[in-house]
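The values are calculated or read from the model by the stated rules, or taken from the named source; none is laboratory data. Here the structure is a predicted model, which is why all the values come from computation and not from measurement. We place every Cβ from the backbone using ideal geometry, glycine too, and count neighbours over all the protein chains shown. For accessibility, only protein heavy atoms count, side chains too; no ligands or nucleic acids. Shrake-Rupley method; radii C 1.70, N 1.55, O 1.52, S 1.80 Å.
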Amino acid sequence: MFSIERQDLGPNFTFGTATAAYQIEGGQTDGRGTCIWDTFAATPGNVKHRHDGAVACDHYNRWPEDLDLIRDGGFDAYRFSLAWPRLIPEGIGAVNQKGLDFYDRLIDGMLERGLKPFATLYHWDLPSALMDRGGWMNRDIAGWFAEYAALVGNRFGDRLAATATINEPWCVAFLSHFLGIHAPGYRDLRAAARAMHHVLLAHGTAIDALRGEGAKNLGIVLNLEKTEPASGKPEDLDAENIGDALFNRWYLGGVFKGVYPVELTTALAPWLPEGFEKDMETVSRPLDWLGINYYTRGIYAGDRDAGLFGGRRIAGDLETSDLGWEIHPKGLEDLLVRVSREYTRVPLYVTETGMSETDDARRVKFYDDHLRAVANAQAQGADVRGFFAWSLLDNYEWAEGYTSRFGIVHVDYATQVRTPKGSYRAFQGMLHNTR
Ligand code: IFM
């Protein structure tokens with residue numbers, strides 16, 4: 001059980017759970033187009049056991065049971081994503097009626113259960129047909145994504161409590177185009193620099209498109225980390241500065257100030273799209289809220305040979321999850337305070353946190369500590385309005401396949417039986433105040 005209580009987070013705080021389409025839906029039928037994760041997963045060496053999202057948690061068919069779990073857990077909201085290739089199989093052009101029908105059922109199912117729908121337009125399932133045209137490296141994606149956003153805004157906007165354009169643009173751009181760990185698996189600075197700008201430009205054009213359709217309460221979800229230098233040596237301080245710029249300030253600065261960190265516009269100058277400065281007004285369209293996904297801290301050390309721009313990330317000495325990610329709740333507190341002091345006063349939501357772990361007692365402590373970190377940030381003036389556990393279900397953890405379990409509900413992939421874990425019961429106890 002948790003030591004923290006619901007009222008410690010304030011009277012109108014929103015509690016929810018989060019998932020993403022490719023990680024849980026399966027259901028690659030009824031006209032859904034293919035996406036970059038289908039082929040990335042099929043390519044040997046990219047994903048453990050070459051697992052893919054073809055079946056996943058079969059949420060496409062089992063969504064009523066999953067929504068019942070969220071309601072019965074006492075949660076107020078459900079953060080989910082819509083699959084672009086289910087709605088527009090080729091990414092642009094013809095719309096798939098069965099895709100529209102599925103999200104109609106899902107959103108209405110949330111409303112019937114008293115759950116607020118928090119939608120995300122893009123959680124990494126780029127239609128393959130758009131990848132053929134260069135995907136996030138092609139500036140035209142700003143128009144392609146706006147077309148998709150307009151469709152969602154028009155069809156579903158009046159029923160959504162909140163809509164985010166992009167989930168974790170750092171992952172879309174850097175993890176996928178420089179580190180090569182996520183689809184499309186590029187390891188190329190020019191590709192990364194282009195994706196870093198285009199993903200935020202597309203965010204801005206999607207905000208315009210959503211607003212044009214009358215959709216309200218619009219935001220973006222950034223994954224941020226607490227960065228720290230390995231020591232007080234100048235080369236480590238420089239490394240931390242560049243790490244912070246690459247992970248945090250590129251996105252926060254772009255979206256809320258219309259300016260990228262000068263260290264990076266200088267370092268990436270040969271590869272950034274020409275004239276990117278003219279797009280910054282679109283990149284920084286006013287938002288109604290910001291989602292922050294937080295998992296760990298990043299420690300940076302100077303490395304002139306192997307590091308990017310003179311630095312690299314090194315391992316720390318805190319306890320870790322079973323993926324080796326350090327557990328650092330104070331980092332969440334510090335980030336929330338930093339964002340609200342330095343970047344924006346719009347309401348903040350912790351749109352994801354959680355841990356990959358089979359020992360669920362550790363997950364209970366993880367959530368208790370991170371909820372307390374949120375309360376501490378609130379006490380320092382951060383306007384944090386909600387907290388979403390990642391994730392409702394064990395699911396497809398990208399390059400880790402099904403080997404990593406983030407769920408507060410266990411999924412037996414052979415039978416699709418869902419079994420609530422102790423962490424689900426801890427939320428339920430706190431939210432129903434039956435502790
Ligand atoms: O599973 C992912 C999710 O898709 C995005 N945020 C981080 C989670 C854990 O890695």
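So here's what we get for this one:
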item: Test for Ala54: is it more than 16 Å from the ligand (Cβ to nearest atom) and of a type outside the set (Ser, Thr, Tyr); result: yes
item: Hits in segment 335-356 (condition: crowded, with 20+ Cβ neighbours inside 10 Å and charged (D, E, K, R)); result: Glu352
item: Test result for Leu287, part of a loop (DSSP other than H, G, I, E, B) and surrounded by 18 or more Cβ atoms within 10 Å (Cβ to Cβ); result: yes
item: Complete set of residues in segment 320-378 that are touching a residue at least 60 places away in the same chain (Cβ under 8 Å), of a type in the set (Ser, Thr, Tyr) and within 15 Å of the ligand (Cβ to nearest atom); result: Tyr349, Thr351, Thr353, Tyr367
item: Of all residues making up segment 73-85, the number that are surrounded by fewer than 24 Cβ atoms within 10 Å (Cβ to Cβ) and aliphatic (A, V, I, L, M); result: 1
item: Criterion violated by Gly401 - all others in (1) assigned to a helix (DSSP H, G or I); (2) under 23 Å from Asp72 (Cβ atoms); (3) within 14 Å of the ligand (Cβ to nearest atom); (4) among the small types (Gly, Ala, Ser) satisfied; result: (2)
item: Any hit, segment 338-345, residues being more than 22 Å from the chain's Cα centre (by Cα) and either in a strand (DSSP E or B) or modelled with pLDDT under 95 (or both); result: no
item: Meets criteria (surrounded by fewer than 16 Cβ atoms within 10 Å (Cβ to Cβ), in a loop (DSSP other than H, G, I, E, B), within 16 Å of the ligand (Cβ to nearest atom) and among the charged types (D, E, K, R)) for Asp305; result: no
item: Qualifying residue in segment 151-165 (condition: within 16 Å of the ligand (Cβ to nearest atom) and either touching a Cys at 6+ places or on another chain (Cβ under 6 Å) or open to solvent by less than 10 Å² (accessible area, probe 1.4 Å) (or both)); result: yes
item: So Val262, is it more than 24 Å from Lys330 (Cβ to Cβ), without any contact (Cβ under 8 Å) to a residue 12 or more places away in the chain, among the β-branched types (Val, Ile, Thr) and more than 16 Å from the ligand (Cβ to nearest atom); result: yes
item: Yes/no for Tyr396 being among the aromatic types (Phe, Trp, Tyr), open to solvent by 10 Å² or more (accessible area, probe 1.4 Å) and within 16 Å of the ligand (Cβ to nearest atom); result: no
item: Looking only at segment 220-237, and only at residues there that are in contact with a helix residue (DSSP H, G or I) (Cβ under 9 Å, 6 or more places away or on another chain) and more than 16 Å from the ligand (Cβ to nearest atom), the one that is least open to solvent (accessible area, probe 1.4 Å); result: Thr227
item: Selection within segment 86-100 - β-branched (Val, Ile, Thr) and either open to solvent by 10 Å² or more (accessible area, probe 1.4 Å) or without any contact (Cβ under 8 Å) to a residue 60 or more places away in the chain (or both); result: Ile92, Val95
item: Residues of segment 400-428 classified as over 18 Å from Thr358 (Cα atoms) and either crowded, with 16+ Cβ neighbours inside 10 Å or touching a Leu at 6+ places or on another chain (Cβ under 8 Å) (or both), total; result: 1
item: Scope segment 291-302; condition of a type in the set (Ser, Thr, Tyr) and within 16 Å of the ligand (Cβ to nearest atom); matching residues; result: Tyr294, Tyr295, Thr296
item: Every residue from segment 101-147 that is of a type in the set (S, T, N, Q) and either out of contact with any helix residue (DSSP H, G or I) (no Cβ under 9 Å at 6 or more places or on another chain) or open to solvent by less than 10 Å² (accessible area, probe 1.4 Å) (or both); result: Thr120
item: Checking Arg62 against (1) open to solvent by less than 30 Å² (accessible area, probe 1.4 Å); (2) in contact (Cβ under 8 Å) with a residue 60 or more places away in the chain, the condition it does not meet; result: (1)
